[in-house]
Amino acid sequence: MLPRVASVFVACGIAVAVLSAQAPADLTGQLARATALYDDGKYSDALKSFMAASESPEASTALAARKGTVLAALRVGEFTVARRAASILSTHEADAEALTLSGDALWAAGFFDEADQDYARALVVDPR
């Protein structure tokens, strides 16, 4: 019985290692798929793919996916989803696009004062 349990643990460990090794590439592909769907006007499908890609351990992939999540969510009227994704974007102090998208999500949800604060922060980062 003990050798069987040990072999199950080893197999599980190998499976986790393989899946985690594939995850960043898979999620980068998911981001590319989401972007293509968004560009084709398939916003609901793009939203699902952006949300999946936002779980990437790779910071640049996750950030781009969260930006896409906000854009797609606003297109389909999922204001709560947009606001949740925007709450993470608002922490990117040096990214004017992220701050602007955060402001857009807050504005769409009716949080006008908070949106104005994010827009003002974005203008400090990039006055254009």
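Values for this structure:
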item	result
Single condition Glu58 does not satisfy, out of (1) within 12 Å of the chain's Cα centre (by Cα); (2) over 20 Å from Glu97 (Cα atoms); (3) among the acidic types (Asp, Glu)	(2)
Flag if Gly68 is farther than 24 Å from Arg121 by Cα and not hydrophobic (A, V, I, L, M, F, W, C)	no
Among the residues listed as Leu99, Leu106, Leu89, Leu63, the single one being closer than 18 Å to Ala32 by Cα and crowded, with 18+ Cβ neighbours inside 10 Å	Leu63
Members of segment 67-84 that are open to solvent by 60 Å² or more (accessible area, probe 1.4 Å) and among the charged types (D, E, K, R)	Arg75, Glu78, Arg83, Arg84
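One line per residue, one yes/no per condition, for (1) among the hydroxyl-bearing types (Ser, Thr, Tyr); (2) outside any helix (DSSP H, G or I); (3) in contact (Cβ under 8 Å) with a residue 40 or more places away in the chain:
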{"position": "Arg66", "(1), (2), (3)": "no, no, no"}
{"position": "Thr69", "(1), (2), (3)": "yes, no, no"}
{"position": "Arg83", "(1), (2), (3)": "no, no, no"}
{"position": "Thr91", "(1), (2), (3)": "yes, yes, no"}
{"position": "Ala94", "(1), (2), (3)": "no, yes, no"}
{"position": "Ala120", "(1), (2), (3)": "no, no, no"}
{"position": "Val124", "(1), (2), (3)": "no, no, no"}
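The values are calculated or read from the model by the stated rules, or taken from the named source; none is laboratory data. All of these numbers come straight from a predicted model, not from anything done at the bench. Glycine also receives a Cβ, built like all others from the backbone with ideal geometry; neighbour counts cover every protein chain displayed. The accessibility values were calculated without ligands, DNA or RNA, using every heavy atom of the protein model including side chains. Shrake-Rupley method; radii C 1.70, N 1.55, O 1.52, S 1.80 Å.
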